[in-house]
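The values are calculated or read from the model by the stated rules, or taken from the named source; none is laboratory data. On a predicted model such as this, the values are computed, not experimentally measured, just so you know. Quick reminder, even Gly has a Cβ in these numbers, built from the backbone with ideal geometry, and neighbours come from all protein chains shown.
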Amino acid sequence: MQDTNISQNNFEQCLKCSLCTTVCPMMAANPHYPGPKQAGPDGERYRLKDPGFYDLTLKYCLNCKRCEVACPSGVRVGDIIQASRLKYGRLSRPLRDITLASTDFVGSLAVPFAPIVNGALSLPIVKIAMDAILKVDRHRTFPSYSRRKFTDIFEKDLPSQEGYKRYVSYFHGCYVNYNYPQLGVDFVTLMNACGYGVRLLDREKCCGVALISNGLGKQASENAAVNMASMRKALDGGSEAVLTSSSTCTFTMRDEYDHLLGIPNEDIRPHLMLAVKFIYDRIESGQISLAFKEMPGRLAYHTPCHMQKLGWTVYSTELLKMIPGLDLQILPQECCGISGTFGFKKENYPYSQKIGAKLFEAIRDSGAAAVITDCETCKWQIEMSSGYRVYNPITVLLNALDLEKTKMLNAE
Ligand code: SF4
Ligand code: SF4
């Protein structure tokens with residue numbers, strides 16, 4: 001990992017307008033958090049003079065990047081805070097943080113014993129023990145593990161991906177691989193209907209978002225290096241793009257690998273994107289056509305913070321608006337409060353719920369039957385705290401498709 005270059009994180013550009021402080025969800029919920037201006041550009045001036053000025057309350061930053069979206073001067077406020085945490089934060093991490101951040105390792109262990117693990121994690125006595133010993137809040141519901149990994153299903157159960165003229169590669173991420181392979185299956189089915197074969201990367205590691213937020217920069221950099229090398233190979237091998245189904249993985253790999261972890265990605269960035277962006281762009285250029293069935297009903301779309309930072313919400317919502325009969329409600333852009341592993345921790349859980357309260361209320365007021373979002377951790381938080389089911393746009397689009405007609409439209 002590089003020793004983060006301070007000028008690269010441009011704190012000198014701060015105009016001291018305080019606009020960022022008006023949008024920070026943590027500042028509004030937690031009186032102990034100094035807010036983006038003080039934790040970011042202001043604090044960096046002091047930390048540069050003396051690392052002793054590092055403030056432990058920086059651990060409360062959600063890395064939501066709302067401050068960066070609001071900043072009129074382009075200051076990378078969230079990056080400055082994350083870089084400081086990696087640089088000055090405690091060197092030894094508690095077992096809880098390492099466990100929560102090790103999604104690949106824990107997922108690989110849990111999948112073969114999924115029924116037992118899922119049953120145990122839902123037992124009140126186990127939740128109380130985890131709360132007392134590991135400091136994982138007892139109120140948190142864990143996403144259940146799948147009995148089979150997506151990679152296994154892809155190899156053994158899905159139709160052959162040979163014989164397509166056009167290919168994309170898929171970065172499935174930990175959630176699809178260990179918890180919800182159906183989303184990966186939906187992705188492959190959708191891309192096949194669009195006339196594209198799907199390949200998996202030679203090697204894929206967790207994108208590293210949880211490692212970064214838990215201060216495990218070295219491991220995050222190692223994962224980033226593996227992912228970038230695999231994607232380079234896939235693109236050199238003829239894949240048109242590397243597609244994803246998680247806004248947070250996508251944001252991390254596109255926008256945090258280079259200047260936060262020091263892993264170059266400029267050659268990959270233009271070809272690494274969410275599937276919704278790829279499909280939308282190719283509909284616009286006449287390379288993909290979708291045929292939909294009528295899908296009457298109301299669904300509500302939630303914009304994940306990292307989707308807002310990417311500026312890509314429009315791709316999901318414009319595709320969903322193509323579905324005839326669907327009454328799509330766009331929810332106000334409120335943070336759900338979970339921020340990956342943050343909301344699992346006992347000391348953070350109350351803030352996590354307080355931050356998400358406005359969003360949960362908006363969902364209840366929307367009159368929607370279910371929610372759509374591009375981020376799996378937003379899904380966990382919304383399902384647990386509002387009781388509504390949450391779907392990825394890929395699944396909704398696939399369910400609304402006239403599959404045979406779409407295949408015919410995209411046949412070469
Ligand atoms: S990244 Fe989010 S939580 Fe952190 S300072 Fe910025 S707005 Fe606040
Ligand atoms: S919004 Fe940007 S320019 Fe204004 S105080 Fe915050 S970091 Fe500085």
Kindly list, by first and then second residue, each pair from a residue in segment 44-59 that is surrounded by 11 or more Cβ atoms within 10 Å (Cβ to Cβ) to a residue that is among the aliphatic types (A, V, I, L, M), limited to pairs with Cβ atoms under 8 Å and residues at least 6 apart or on different chains. E44/I6; E44/I80; L48/I6; D55/A39; T57/A39; L58/A39; L58/I81
Flag if R66 is more than 9 Å from ligand 1 (Cβ to nearest atom) and not hydroxyl-bearing (S, T, Y): no
Counted residues in segment 15-58 being aromatic (F, W, Y) and closer than 26 Å to Q308 by Cβ come to 1
Could you list, ordered by first residue, the pairs with Cβ atoms under 6 Å in which the first is in segment 64-76 and within 19 Å of G356 (Cα to Cα) and not assigned by TED's automatic domain parsing to the domain that holds C335 and the second is part of a helix (DSSP H, G or I) and within 8 Å of ligand 2 (Cβ to nearest atom), at least 6 apart or interchain? C67/C20; C67/P36; C67/V77
Surrounded by fewer than 17 Cβ atoms within 10 Å (Cβ to Cβ), of a type in the set (S, T, N, Q) and touching a residue at least 24 places away in the same chain (Cβ under 8 Å): is that true of N399 in this structure? yes
May I ask you to verify whether S122 is more than 16 Å from ligand 2 (Cβ to nearest atom), among the polar types (S, T, N, Q) and over 23 Å from the mean Cα position of the chain (by Cα)? yes
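Okay, residues lined up against (1) surrounded by fewer than 20 Cβ atoms within 10 Å (Cβ to Cβ); (2) under 27 Å from V23 (Cβ atoms); (3) touching a helix residue (DSSP H, G or I) at 6+ places or on another chain (Cβ under 8 Å); (4) acidic (D, E):
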{"position": "S247", "(1), (2), (3), (4)": "no, yes, yes, no"}
{"position": "T252", "(1), (2), (3), (4)": "no, yes, yes, no"}
{"position": "H259", "(1), (2), (3), (4)": "yes, yes, yes, no"}
{"position": "A275", "(1), (2), (3), (4)": "no, no, yes, no"}
{"position": "G286", "(1), (2), (3), (4)": "yes, no, no, no"}
{"position": "L290", "(1), (2), (3), (4)": "no, no, yes, no"}
{"position": "E294", "(1), (2), (3), (4)": "yes, no, no, yes"}
{"position": "Y301", "(1), (2), (3), (4)": "no, yes, yes, no"}
{"position": "P304", "(1), (2), (3), (4)": "no, yes, yes, no"}
Answer yes or no as to whether R232 is at pLDDT 95 or above, in contact with a helix residue (DSSP H, G or I) (Cβ under 7 Å, 6 or more places away or on another chain) and surrounded by fewer than 21 Cβ atoms within 10 Å (Cβ to Cβ). no
Which of (1) crowded, with 18+ Cβ neighbours inside 10 Å; (2) closer than 22 Å to C249 by Cα; (3) among the acidic types (D, E); (4) out of contact with any Leu (no Cβ under 8 Å at 6 or more places or on another chain) does E222 not meet, given it meets every other one? (1)
Do you know which of the residues in segment 7-27 that are aliphatic (A, V, I, L, M) and near ligand 1 (Cβ under 9 Å from one of its atoms) is surrounded by the fewest Cβ atoms within 10 Å (Cβ to Cβ)? V23
Quick check on this structure: which one of R96, R85 is away from ligand 1 (no atom under 16 Å from the Cβ), buried (at least 18 other Cβ atoms within 10 Å of the Cβ) and assigned to a helix (DSSP H, G or I)? R96
Restricting segment 69-82 to residues that are out of contact with any Gly (no Cβ under 9 Å at 6 or more places or on another chain) and not in a helix (DSSP H, G or I), the residue that is nearest to ligand 1 (Cβ to nearest atom): C71
Considering only residues of segment 24-43 that are within 12 Å of ligand 2 (Cβ to nearest atom) and without any contact (Cβ under 8 Å) to a residue 12 or more places away in the chain, which is nearest to V77 (Cα to Cα)? Q38
Can you say whether L183 is in contact with a strand residue (DSSP E or B) (Cβ under 8 Å, 6 or more places away or on another chain), in contact (Cβ under 8 Å) with a residue 60 or more places away in the chain and among the aliphatic types (A, V, I, L, M), as far as the supplied structure shows? no
Count of residues meeting criterion [surrounded by fewer than 21 Cβ atoms within 10 Å (Cβ to Cβ) and part of a loop (DSSP other than H, G, I, E, B)] in segment 235-245: 3
Test S102 against the criterion of being surrounded by fewer than 18 Cβ atoms within 10 Å (Cβ to Cβ), more than 14 Å from ligand 1 (Cβ to nearest atom) and closer than 30 Å to N179 by Cβ, and give yes or no. no
Residue count, segment 314-323 (criterion: surrounded by fewer than 21 Cβ atoms within 10 Å (Cβ to Cβ) and touching a residue at least 40 places away in the same chain (Cβ under 8 Å)): 1
